[in-house]
């Protein structure tokens, strides 16, 4: 007995019962389809989040003031004053893994222009901030060193602020707006950036020289945070370590003392968000996997029915020379063909579903090739696993009883 | 005397049913020769079915020897017995046992599927030839449910011929058929026998047994008597003598 003959026998048997074959496959189709769709949608949502986050600069590094102890009393993070302009100078001078460093001080308040007013935030930064945060100018210019040193009352405005303060067609550059009563001359307009990965409007902001915000608005000498660019995303890790070393020296922290600041990289954030979506994908995939298992049990069920129903056929095949092994292989091949065919249809179905989903949710269309390969493998295994027992049952029938079975 | 195709000696078969032991065969000696056409007869419980199962290599005797075409089947394992059935035996059943929703041709091809030496082209040719021998050359693509009972049994006979067996074993092959169709089937068997086929035919109908050359009657697991049929029926003549049935259309 050769496998070509057995395959032909199995195909003929399936063709004789097309409708039942399709019904049996349905479980596998839905199972595989949902596994593929879930994993693909998970992968594409991960990619879309990654894309959005890399818009914010994946090589960005943030330094925030951290815990502080004053004689055993923990101070909150928000009013910590551990970062100073001296730190900026030190980082600019010593850090090899950083290309740009900018301080940031910010406050929120009401921006006013004529009859219009708008609640927004003002960020006190230096010129390198645009590169670090991946902002670009639409119009005008960035402030100069001279303006920074002279606490100049100038600013750049984001698109949301422009829309809310200026009438259509009015060029904001050269106009003067007021922020918390302080007049600021608009010298530039930022290009629109849209929402970030967390749904925050990145265009609702005003940028001004950090010196102006520090002294004129907040009346402080420390800075609230530091933004910097690492040489590359891959070097983020090394850059974080370097920043930590420099700042510990600056702050004269003893060996073993806690950091009074916190360094985070955008790469870390991406990792964090990715791990959340990975977890979700895994969860959805597991649920879909269960439905695949149910599909497999469906195949076993039908194969059992089929063996009982075809007892007489099995007896006949045995009496004309079919060995137990031939009979077993026939039923096993039938089960595997059902599950693989179901798997192929399921892959097509799942891919189509994830295409529709990516279209509807406006995400990149990704086919998780690993998931496709895996489902295919799983289908074959399911066919063999769940086909085995009914096939054994068929092979172990007594030909005398089977052929006379009514 | 011609060569013995089947040779059994001292054949016994015991079945265990719960605590009891049933002696289905209690020592049978029998020989079937090449070109023989023997009826195995007997009432139910006489052991004729058990005998047929053993002759058909579907069951093994508890004691005794069985040689089929010079091969001792007592020493063979299950798979070798399956090979023996495939190469040397042809089966015909009372209820035809055709695969449903499968054409006559494919039904006849079935035994050859289990013979890896036969390629698909040869398989088809041999099946077509077998169907021609039983007069169904024009029904090859018909499904069993499109065929009459007699035609279905002819397909089954073709299936038993397709592997060119040394002996054909028929189990009540006319049991489900009316008289005329029975005679027609017997006519086919007589023709096959005239052409040299060895046939063993199990039946409980004495008039069917009279179409054969020899009658072997079983009773209580033993051969009660063995007779040569002297006034043998000729199926062709009998069919001519049958009254013309108005309902019957050939």
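Brief remarks on what is shown
- Any chance residue A:242 is modelled with pLDDT of 85 or more and either surrounded by fewer than 21 Cβ atoms within 10 Å (Cβ to Cβ) or more than 30 Å from residue B:106 (Cα to Cα) (or both): yes
- Of the listed requirements (1) closer than 27 Å to residue B:7 by Cα; (2) more than 7 Å from chain A (Cβ to nearest Cβ), residue B:108 misses just one: (1).
- Residue A:82 vs. criteria outside any strand (DSSP E or B), within 18 Å of the chain's Cα centre (by Cα), over 24 Å from residue A:234 (Cβ atoms) and modelled with pLDDT under 85: no
- Test: residue in region B:124-144 that is under 30 Å from residue B:65 (Cα atoms) and either within 10 Å of another protein chain (Cβ to nearest Cβ) or at pLDDT 95 or above (or both): no
- Of the listed requirements (1) without any contact (Cβ under 8 Å) to a residue 24 or more places away in the chain; (2) surrounded by 19 or more Cβ atoms within 10 Å (Cβ to Cβ), residue A:352 misses just one: (2).
- Any chance residue A:23 is away from chain B (no Cβ under 14 Å), in contact with a helix residue (DSSP H, G or I) (Cβ under 6 Å, 6 or more places away or on another chain) and assigned to a helix (DSSP H, G or I): no
- Filter result for the condition that a residue is within 14 Å of chain A (Cβ to nearest Cβ), closer than 21 Å to residue B:231 by Cα and surrounded by 16 or more Cβ atoms within 10 Å (Cβ to Cβ), over B:118, B:202: B:202
Residue-by-condition table, conditions (1) free of Cβ contacts under 8 Å to residues at least 60 places away in the same chain; (2) touching a helix residue (DSSP H, G or I) at 6+ places or on another chain (Cβ under 8 Å):
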residue: B:183; (1), (2): yes, yes
residue: B:194; (1), (2): yes, no
residue: B:203; (1), (2): no, yes
residue: B:207; (1), (2): yes, no
residue: B:223; (1), (2): no, no
residue: B:227; (1), (2): yes, no
residue: B:231; (1), (2): yes, no
residue: B:235; (1), (2): yes, yes
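- Listed by position, the strands (runs of 3 or more DSSP E) contained in region A:117-183 that have at least 2 residues being surrounded by fewer than 18 Cβ atoms within 10 Å (Cβ to Cβ) are A:137-140, A:176-179.
- Odd one out for residue A:248 among (1) under 30 Å from residue A:367 (Cα atoms); (2) surrounded by 16 or more Cβ atoms within 10 Å (Cβ to Cβ); (3) free of Cβ contacts under 8 Å to residues at least 60 places away in the same chain: (1)
The values are calculated or read from the model by the stated rules, or taken from the named source; none is laboratory data. Computed from a prediction, not measured in an experiment: that's the story for all the values here. So basically every Cβ, Gly included, is an ideal-geometry build from the backbone, and we count neighbours across all protein chains shown.
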